[in-house]
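This report concerns only the one structure given below.
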Amino acid sequence: RAKQLGRNTLQHHDGAGTSVGMPLGEHEELHLAITGDQLFLEYQPQVDVATGRITGIEALVRWNHPAKGRVPPINFIPLAEETGLIVPLGLWVLNEACRQARAWQDTGVAPLTIAVNVSAKQFADPDFASHVAEALERHGLQSHWLELEVTESVVMQDAERALAMMASLRALGVRLSIDDFGSGYSSLAALKTFPFDRLKMDRSLVEALPGDKTAVAIVSAVISLAQTLKLSVLAEGVETDAQMHFLRHARCEEAQGYRFSRPVSPEEILRLLQTQLR
Ligand code: C2E
Ligand code: CA
Ligand code: CA
Ligand code: CA
């Protein structure tokens, strides 16, 4: 019987019906992951389309599960959102990303923006702005190097509250981007209502470039819309030279995708930063 007790069991759990030696529920597993060193971040470069230089880095969370190995975020972020665990998880991500951004800066490479994904429950937490301020303070990172990525659904849920939160974050000097723009049922309303600094064009729009005439029309229109609204614009999921060529001609400012790099370790990011032309 003792053999059945893998590492993935809770030995002394006194609550919620999980007794000694029983396999953990997903919720407990995720809780353990957050408190127990099983999460880590990978980082994906964002590049200037005109020069190819790295201008920013997006932090992406990963879970190294003791039994299942690497679990992609699509398989645990929704659970974290449902259970509210996204709040402590997101706080860990925020602090770790700020710590890492500062560590890169301390090596003497040119400073760059660190982008962190923020979910609805985090954004709705009245303490969120002070958590952001604390993370910046703790790691000695200037606020303008931090960018928070939110999707339209995050701000549209409770527009008044979201506007107030955005005002607090902007007062700190943090930048805000609208993520996955052009995916699903997203509309133009969020752009009209909320003070974003940057627009991230969803991979589904970029994917069909440059062959698909409709995609070409939509991407071109989004780029000019962003220019008119004074938002910087980044294309997500850029995988090919042909897409890159199109984006350069369409005057898209920045791009992110496998064409440049997959999400990688902090050491690999440092290597990329050190080898790029100064
Ligand atoms: P996202 O914020 O839209 O992040 C971009 C996703 O696209 C990442 O997937 C990235 O690995 C992937 N990607 C980047 N370039 C390419 C490309 O050229 N081709 C393709 N096919 N994919 C590309 P990942 O890391 O699996 O993350 C998935 C989603 O999970 C993210 O989508 C985001 O919504 C969520 N997520 C990740 N980390 C966090 C986090 O720390 N907090 C929160 N709240 N959500 C997170
Ligand atoms: Ca994102
Ligand atoms: Ca995205
Ligand atoms: Ca996405």
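Let me confirm something: among Val154, Val93, which residue is β-branched (Val, Ile, Thr), at pLDDT 95 or above and either in a loop (DSSP other than H, G, I, E, B) or within 16 Å of ligand 1 (Cβ to nearest atom) (or both)?
Being β-branched (Val, Ile, Thr), at pLDDT 95 or above and either in a loop (DSSP other than H, G, I, E, B) or within 16 Å of ligand 1 (Cβ to nearest atom) (or both) holds for just one of Val154, Val93, which is Val93.
Specify the residue that is surrounded by the most Cβ atoms within 10 Å (Cβ to Cβ); the eligible residues are those in segment 55-106 that are over 29 Å from Pro126 (Cα atoms) and touching a strand residue (DSSP E or B) at 6+ places or on another chain (Cβ under 7 Å).
Thr55
Restricting attention to segment 113-133, which residues are within 16 Å of ligand 2 (Cβ to nearest atom) and within 24 Å of Thr55 (Cα to Cα)?
Thr113, Ile114, Ala115, Val116, Asn117, Val118, Ser119
Please specify each residue of segment 110-142 satisfying the condition of being in contact (Cβ under 8 Å) with a residue 24 or more places away in the chain, among the small types (Gly, Ala, Ser), surrounded by fewer than 19 Cβ atoms within 10 Å (Cβ to Cβ) and assigned to a helix (DSSP H, G or I).
Once the filter is applied, which keeps residues that are in contact (Cβ under 8 Å) with a residue 24 or more places away in the chain, among the small types (Gly, Ala, Ser), surrounded by fewer than 19 Cβ atoms within 10 Å (Cβ to Cβ) and assigned to a helix (DSSP H, G or I), segment 110-142 yields Ala120, Ala124, Ala133.
For the structure I just gave you, tell me whether Arg170 is away from ligand 4 (no atom under 16 Å from the Cβ), among the basic types (Lys, Arg) and closer than 30 Å to Ile218 by Cβ.
yes
Of all helices (runs of 4 or more DSSP H) completely enclosed by segment 173-278, which ones contain at least 3 residues that are surrounded by fewer than 18 Cβ atoms within 10 Å (Cβ to Cβ)?
Counting at least 3 such residues, we get 189-193, 213-228, 241-249, 266-275.
Exactly one condition in (1) touching a strand residue (DSSP E or B) at 6+ places or on another chain (Cβ under 9 Å); (2) of a type outside the set (Gly, Ala, Ser); (3) surrounded by fewer than 17 Cβ atoms within 10 Å (Cβ to Cβ); (4) outside any helix (DSSP H, G or I) is not met by Arg170; state its number.
(4)
Listed here are the residues, each with its yes/no results for (1) of a type in the set (Asp, Glu); (2) on the phi < 0 side of the Ramachandran plot; (3) within 16 Å of ligand 4 (Cβ to nearest atom).
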residue: Asp179; (1), (2), (3): yes, yes, yes
residue: Lys192; (1), (2), (3): no, yes, no
residue: Val206; (1), (2), (3): no, yes, yes
residue: Leu209; (1), (2), (3): no, yes, no
residue: Asp212; (1), (2), (3): yes, yes, no
residue: Ala217; (1), (2), (3): no, yes, no
residue: Ile223; (1), (2), (3): no, yes, no
residue: Asp241; (1), (2), (3): yes, yes, no
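The values are calculated or read from the model by the stated rules, or taken from the named source; none is laboratory data. Keep in mind that what you see is a predicted model, and the values were worked out from it rather than measured. Ideal geometry is used to build each Cβ from the backbone, glycine not excepted, and the neighbour counts take in all protein chains shown.
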